Amino acid sequence: MTTISKIKEIEDEINKTQKNKATSYHLGQLRSKLAKLQRELINPTSGGGSGGPGQGFDVARTGIASVGFIGFPSVGKSTLMSGLTGTTSEAAAYEFTTLTTVPGTMDINGAKLQILDLPGIIEGAKDGKGRGRQVIAVSRTCNMIFMVLDVCKPLADKAKLEKELEGVGIRLNKQPPNISITKKDKGGVMISHTVPLTKIDHDVVKAVLSEYKINSASVMFRQDATVDELIDVIEGNRVYIPCIYVLNKIDQISIEELDLLYKIPHSVPISSKEWLNIDELTEKMWEELRLVRVYTKPSKAPPDYSQPVVLRQGKSSVLDFANAIHKEIAKQLKFAMVYGASSKHPRGQRVGVDHILMDEDVVTLFKR
């Protein structure tokens, strides 16, 4: 029996099993087995050619961040890509126009972003149908995903695509579960929590750990987690990516229907054909990517606002800033003067190399 057949068998058993306290232990075991099988599809152990499972398209990475366009065929990804980047990605009103990843670059607020137009996903992509496996392999490495949906059926297609991505360990618009597991040599399983657990009980936790052959461990829940979130922590191969749901073709619907679309979280309705509402989309992109613009200010000279150094939040210290300019400058860095949101004083603040910079700060570096 193939891995895909085993997955289908377990999914069928989960679907036909009644959900109650008496079956929760069994369901916990089933979900653990399912996650381990899905891991085999994400990271196959056997070899294969360039089209084998888990391998992505060969794309050279450029820019400060990458945004992958995902969607079913013929939803307008290629048209949107061409408009944002000027890159010609073949577009037509029929399925599977794009057959490989088409990279492009766009400039936003001084930051160069790489846009990846990925081939249209079909249902079953996580199981190897079409080119879905290669698409998903590339999307796991993106800093953001644009899920492009047709406004005529956004919720149905959104659910189908999310299921495909969930099946290969991609979590959209979520944070890693706040659960810690410390394995021990003996003593059994000790479970503690700082909040009430309403979605999982201790027996289910032990069932999941047993399936992973973890017989002695300390488990700390700092959130009310589900079985799947516990499994995600044990598996450790999940990626958490921000996603914007791009609801395309609003030129084909009424104002009343447009108002309803705005109720979908993390969504931006647009028309790539008529180029409507693209400004809102790019503003949302910048906000969700959490990028930081930092301007240089040479000593005794005005700031240079023409070309910001763009950093990612979480990697925006003074040392990161110096490294982005030149590694030799970073090696000789002594301290910096910072002006802007991260400074405690209006006239600037002297800071060390670990100081965290904020968007539109101005920095003067001083060497040893």
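The values are calculated or read from the model by the stated rules, or taken from the named source; none is laboratory data. Note that the structure is predicted; figures quoted are calculated from it, not measured. Reconstructed Cβ throughout: ideal geometry from the backbone, glycine too, with neighbour counts over all protein chains shown.
Side notes on the structure shown:
- For segment 101-118, the candidate set comprises residues that are more than 14 Å from Met81 (Cβ to Cβ) and of a type in the set (Gly, Ala, Ser); within that set, the residue that is modelled with the highest pLDDT is Ala111.
- Candidates Ile329, Ile278, Ile325, filtered to the one that is under 25 Å from the mean Cα position of the chain (by Cα) and surrounded by fewer than 18 Cβ atoms within 10 Å (Cβ to Cβ): Ile278
- Lys297 of a type in the set (Lys, Arg) and under 24 Å from Leu165 (Cα atoms): no
- Segment 217-273, residues that are touching a Gly at 6+ places or on another chain (Cβ under 9 Å), closer than 22 Å to Thr141 by Cα and assigned to a strand (DSSP E or B): Val239, Ile241, Val246
- Test: Leu365 is more than 18 Å from Ile108 (Cα to Cα), in contact (Cβ under 8 Å) with a residue 40 or more places away in the chain, in contact with a helix residue (DSSP H, G or I) (Cβ under 7 Å, 6 or more places away or on another chain) and surrounded by 12 or more Cβ atoms within 10 Å (Cβ to Cβ): yes
- Count of segment 119-141 residues which are modelled with pLDDT of 65 or more and in contact with a Lys or Arg (Cβ under 7 Å, 6 or more places away or on another chain): 2
- Listed by first and then second residue, the pairs with beta-carbon distance under 8 Å, at least 6 apart or on different chains, first residue in segment 15-31 and touching a residue at least 60 places away in the same chain (Cβ under 8 Å), second outside any helix (DSSP H, G or I) and among the acidic types (Asp, Glu), are Lys21/Asp201; Ser24/Asp201.
- Applying the criterion of at least 2 residues that are more than 27 Å from the chain's Cα centre (by Cα) and among the hydrophobic types (A, V, I, L, M, F, W, C) to the helices (runs of 4 or more DSSP H) found wholly in segment 130-216 leaves 202-211.
- Selection from segment 159-183 of residues that are at pLDDT below 95 and surrounded by 13 or more Cβ atoms within 10 Å (Cβ to Cβ): Lys160, Leu161, Glu162, Glu164, Leu165, Glu166, Gly167, Val168, Gly169, Ile170
- The condition (being assigned by TED's automatic domain parsing to the domain that holds Gly86, acidic (Asp, Glu) and in contact with an Asp or Glu (Cβ under 6 Å, 6 or more places away or on another chain)) is satisfied by just one residue among Glu283, Glu274, Glu256: Glu274.
- Filter pass, Thr62 being at pLDDT below 85, over 19 Å from Gln134 (Cβ atoms) and over 23 Å from the mean Cα position of the chain (by Cα): no
- Pick from segment 231-285, criterion at pLDDT 95 or above and of a type in the set (Phe, Trp, Tyr), ranking: farthest from Asn215 (Cα to Cα): Trp275
- A count restricted to segment 9-22 and to residues that are at pLDDT 90 or above and either among the charged types (D, E, K, R) or assigned to a helix (DSSP H, G or I) (or both) stands at 8.
- Exactly one residue among Val294, Val310, Val268 is of a type in the set (A, V, I, L, M, F, W, C) and either over 26 Å from Leu172 (Cβ atoms) or free of Cβ contacts under 8 Å to residues at least 24 places away in the same chain (or both), and that residue is Val294.
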